[in-house]
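Structure record follows, encoded as structure tokens.
The values are calculated or read from the model by the stated rules, or taken from the named source; none is laboratory data. Treat the numbers as computed from the prediction; the structure is a model and nothing was measured. Quick reminder, even Gly has a Cβ in these numbers, built from the backbone with ideal geometry, and neighbours come from all protein chains shown.
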Amino acid sequence: MRINLPTWLTLFRVLLLPVMVVVFYWQFPGHNITAAIVFVLAALTDWLDGYLARRMNLTSAFGAFLDPVADKLMVAVTLFLLVETHRGGWPGILMAVTAAIIVGREISVSALREWMAEIGMRSTVRVAFIGKLKTVMQMVALVVLIVQHEKSAEALRLYHIGEALLVIAGILTIWSGLYYLRAAWPSLRGDGPIPAPRDDE
């Protein structure tokens with residue numbers, strides 16, 4: 001199997017995750033900003049690999065599989081890091097609940113898309129504008145929270161802005177999830193073909 005440039009960029013995004021985790025916890029001057037830069041670099045490769053794949057017609061089955069996996073890993077790992085440093089009180093509860101909603105939605109929509117693909121109706125569950133807006137809001141919130149996760153007194157206001165943006169992203173996550181569910185509901189209700197049971201079910 002030959003790996004093309006967009007897929008190499010996706011693999012690079014996956015390799016950046018442990019780098020971000022190490023930098024996030026390694027207490028050197030500016031480690032939080034460095035961790036945010038690593039996250040932004042990973043996010044940019046997400047845009048770049050998709051652009052190159054379309055522009056240069058370099059799509060592949062492996063790339064199509066790996067790209068959404070890398071995206072979800074990037075968001076999930078970052079949320080876990082922030083939840084771990086956000087313990088105690090209502091802010092910690094809010095962060096944990098928001099993270100659970102976002103990760104849970106990603107798992108649910110991925111399962112929904114896989115199920116629709118099995119019955120030949122993957123195109124029914126397309127990415128909507130609300131989903132793209134959620135992604136942008138989520139990425140901005142995560143960058144702010146990574147930079148300000150130590151919550152120093154002078155940075156607390158900006159940190160609260162990041163928290164608010166992440167809550168908004170969580171609300172948009174629910175909204176977009178319901179959009180996908182509505183699009184797939186006729187098939188889920190039994191008005192369309194039903195895939196055969198798999199060996200792991």
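For the stretch 15-35, give me each residue that is under 26 Å from Ala64 (Cα atoms) and buried (at least 16 other Cβ atoms within 10 Å of the Cβ). Reasoning before the result, please.
First pass over the stretch 15-35, keeping only residues under 26 Å from Ala64 (Cα atoms): 15-21.
Result: Leu16, Leu17, Met20, Val21.
Within the option set Val83, Val97, Val109, Val38, being of a type in the set (Val, Ile, Thr), surrounded by 15 or more Cβ atoms within 10 Å (Cβ to Cβ) and modelled with pLDDT of 90 or more holds for one residue only, Val38.
From the list Val21, Val77, Val69, the lone residue that is touching a residue at least 60 places away in the same chain (Cβ under 8 Å), within 15 Å of the chain's Cα centre (by Cα) and not assigned by TED's automatic domain parsing to the domain that holds Val147 is Val77.
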